[in-house]
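Here it is, the structure, as structure tokens.
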Amino acid sequence: MKRHLNTLFVTTQGSYLAKEGETVVVKVDGKTRLQLPIHTLDGIVCFGQVSMSPFLMGLCAERDVVVSFLTEQGRFLARVTAPVSGNVLLRRTQYRWADDKQLSADVARAVLLGKVYNCRAVLNRTLRDHGEKVAADKLSAASKRLGQILEHLREGKLPLDRLRGYEGEAGAVYFTVFDHLIVAQKDQFAFHQRSRRPPLDRVNCLLSFLYTLLMHDVRSALESTGLDPAVGYLHRDRPGRLGLALDLMEEFRPFLADRLALSLINRGQVRGNGFRTLENGAVLMDDDTRKELLIAWQTRKQEEITHPFTNKKMTVGLLFHIQARLFARYLRGDLDGYPVFIWR
């Protein structure tokens with residue numbers, strides 16, 4: 001069983017990361033600020049003007065520690081990884097399935113079942129915990145419609161075009177009532193609709209940043225399993241798009257990213273004055289807010305959960321690796337279907 005290790009997030013501008021023996025050293029203005037053993041890490045994420053020695057890059061590649069470079073606001077730039085590993089037969093099966101419309105639709109259907117179920121669970125959990133503070137009638141209606149979409153998805157063989165139609169409708173239903181899930185700081189954190197590049201309000205800024213972190217972890221899990229994160233089924237081939245990583249992200253977005261964003265707002269862990277708006281309308285978070293978000297993300301990944309399929313206790317951070325392995329078993333024919341992660 002793979003252990004859940006830590007991800008080192010480096011946000012201090014001007015930081016320099018170097019190798020000292022078997023440790024990672026973080027220096028700022030020539031002074032050592034942090035030193036960690038390499039064996040305690042499974043990833044390093046550098047934001048903005050953060051540099052790294054080639055010797056440390058080599059050590060990270062050797063020890064399978066993925067290094068990602070992002071802009072200060074979280075846009076992906078590049079990554080350093082070890083040589084591609086895994087059984088070539090597994091990848092060839094992955095590619096063949098992607099060329100088969102029905103097999104692709106079967107995978108897409110499983111992914112969407114997990115996404116819609118978990119979106120509905122987020123709404124129902126809010127109704128249970130904050131029923132007196134929210135527009136219960138609107139959330140109940142949205143939950144009911146998502147339940148109807150789930151029934152359609154369970155009907156059996158469906159073509160990709162029809163599946164995408166259900167996905168679009170489910171997303172519209174979910175995000176139409178997303179603002180009602182915010183029960184505190186309503187004047188500072190109003191949500192109208194999903195906006196991505198750029199995020200046009202504080203809630204979208206939080207969601208986009210968390211989705212970037214989620215993408216980093218899901219991609220790493222797929223690569224460590226020997227799968228190609230670029231070749232997906234619901235998300236078809238497009239230059240620069242990580243289709244399979246986007247596919248497997250769907251089941252985790254509501255359970256992990258959306259719930260964490262809502263918790264940070266509703267508990268007052270992030271504040272409206274921790275963001276600024278540019279002339280083009282893009283909303284950015286400041287350093288303190290970003291650090292609060294990264295701490296919350298790492299803390300959430302260390303929490304324990306019982307996996308609904310394996311029935312074993314594990315940390316949330318291991319879920320990505322477990323799902324990647326389950327998907328690989330499905331491709332190999334060891335499982336009759338892909339057991340998507342369902343939040344209960």
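The values are calculated or read from the model by the stated rules, or taken from the named source; none is laboratory data. Computed from a predicted structure; not experimentally measured. Cβ placement follows ideal geometry from the backbone for every residue including glycine, while neighbour counts extend to all protein chains displayed. The accessibility values were calculated without ligands, DNA or RNA, using every heavy atom of the protein model including side chains. Shrake-Rupley method; radii C 1.70, N 1.55, O 1.52, S 1.80 Å.
Just to check, using Stokes-Einstein with a Kirkwood Rh over alpha carbon pairs, what's the diffusion coefficient of region 1-144 at 25 °C and 0.890 mPa s in µm²/s?
128 µm²/s
Per residue Cα convex hull volume for the chain, in cubic angstrom?
Value for the chain: 141 Å³ per residue.
Using the Cα centre of the chain as the reference point, and only Cβ charges (+1 on K/R, -1 on D/E), how large is the resulting charge dipole? Debye, rounded to the nearest 20.
360 debye
Rounded to the nearest 0.05, what FRET efficiency do Asp286 and Thr176 give with R0 = 30 Å and r taken as the Cβ-Cβ distance? Could you check?
Calculated value: 0.50.
Related question: Using the per-residue mean of other Cβ atoms lying within 10 Å as a proxy for protection, in what order, highest first, do the peptides 87-94, 317-324 fall?
317-324, 87-94
With only alpha-carbon atoms in the gyration tensor, what are the semi-axes of the equivalent ellipsoid for region 182-282, in Å, largest first?
Square roots of five times the eigenvalues give 29, 15, 11 Å.
Below 11 angstrom from the Cβ of Leu59, what's the summed charge of the other residues (Lys, Arg +1; Asp, Glu -1)?
-2
Next question. Taking only the alpha carbons of region 6-51, what extent do you get along each of the three principal axes, in Å, biggest first?
For region 6-51, the Cα spread along each principal axis is 25, 19, 13 Å.
Just the number, please: carbon plus sulfur as a percent of the accessible area of region 9-77, 1.4 Å probe, no ligands or DNA/RNA counted.
Roughly 54 percent, rounded to a whole number.
How big is the charge dipole of region 110-194 about its Cα centre, in debye rounded to the nearest 20, if each Lys and Arg gets +1 on its Cβ and each Asp and Glu gets -1 on its Cβ?
180 debye
Can you compute the equivalent ellipsoid semi-axes for region 202-344, i.e. the square root of 5 times each eigenvalue of the Cα gyration tensor, sorted largest first and rounded to whole Å?
Values for region 202-344, descending: 30, 19, 11 Å.
At a Cα cut-off below 21 Å, give the lysines reachable from Lys27, other chains included and same-chain residues fewer than 8 away excluded.
The qualifying lysines are Lys19, Lys291.
Got a number for carbon plus sulfur as a percent of region 121-250's accessible area, 1.4 Å probe?
Exposed carbon and sulfur together represent 50 percent of the surface.
Just from its helices, what would the mean residue ellipticity at 222 nm be for the chain, if runs of 4 or more DSSP H residues each count -39500 (n - 2.57) and the sum is divided by every residue, rounded to the nearest 500 deg cm²/dmol?
-14500 deg cm²/dmol
Moving on. Taking only the Cα atoms of region 1-83, how large is their convex hull per residue, in Å³?
Enclosed volume per residue, from the Cα hull, is 94 Å³.
Output ³J(HN,Hα) for region 169-181: one whole-Hz value per residue in order, computed from phi by the Karplus curve 6.51 cos²θ - 1.76 cosθ + 1.60 with θ = phi - 60°, and x for Gly and Pro.
Values, residue by residue: 5, 4, x, 5, 4, 5, 6, 5, 9, 4, 4, 6, 7 Hz.
Using a 1.4 angstrom probe, figure out how much accessible area the chain has per residue, in square angstrom, rounded to the nearest whole.
47 Å²
For region 139-178, just the Cα atoms, rotate onto the principal axes and tell me the three extents in Å, largest first.
30, 15, 8
How big is region 273-344 along each principal axis, measuring the range of its Cα positions in Å and listing the largest first?
The Cα atoms of region 273-344 stretch 53, 27, 19 Å along their principal axes.
A further question follows. With 21 Å as the limit, write out which pairs from Lys133/Lys186; Lys157/Lys312; Lys115/Lys144 have Cα-Cα distances beyond it, or answer none.
Check vs 21 Å cut-off fails for Lys157/Lys312.
Expected output is a single nm value to one decimal: the length gained when fully extending between Glu22 and Tyr95, i.e. 0.36 nm times separation in residues minus the C-alpha distance. What is it?
Gain in length upon complete extension: 22.5 nm.
How long are the semi-axes of the ellipsoid equivalent to region 134-218, from square roots of 5 times the Cα gyration tensor eigenvalues, in whole Å, largest first?
They are 26, 19, 10 Å, listed largest first.
Moving on to the next point. Please list Asp42, Asp334 from largest to smallest accessible area, probe radius 1.4 Å, with all protein chains kept in place.
Asp334, Asp42
Give the residues of region 111-141 whose amide nitrogen is closer than 11 Å to a point set 7 Å from the Cα of Gln148 in the direction of its Cβ.
Only 141 fall inside the zone, counting backbone N under 11 Å.
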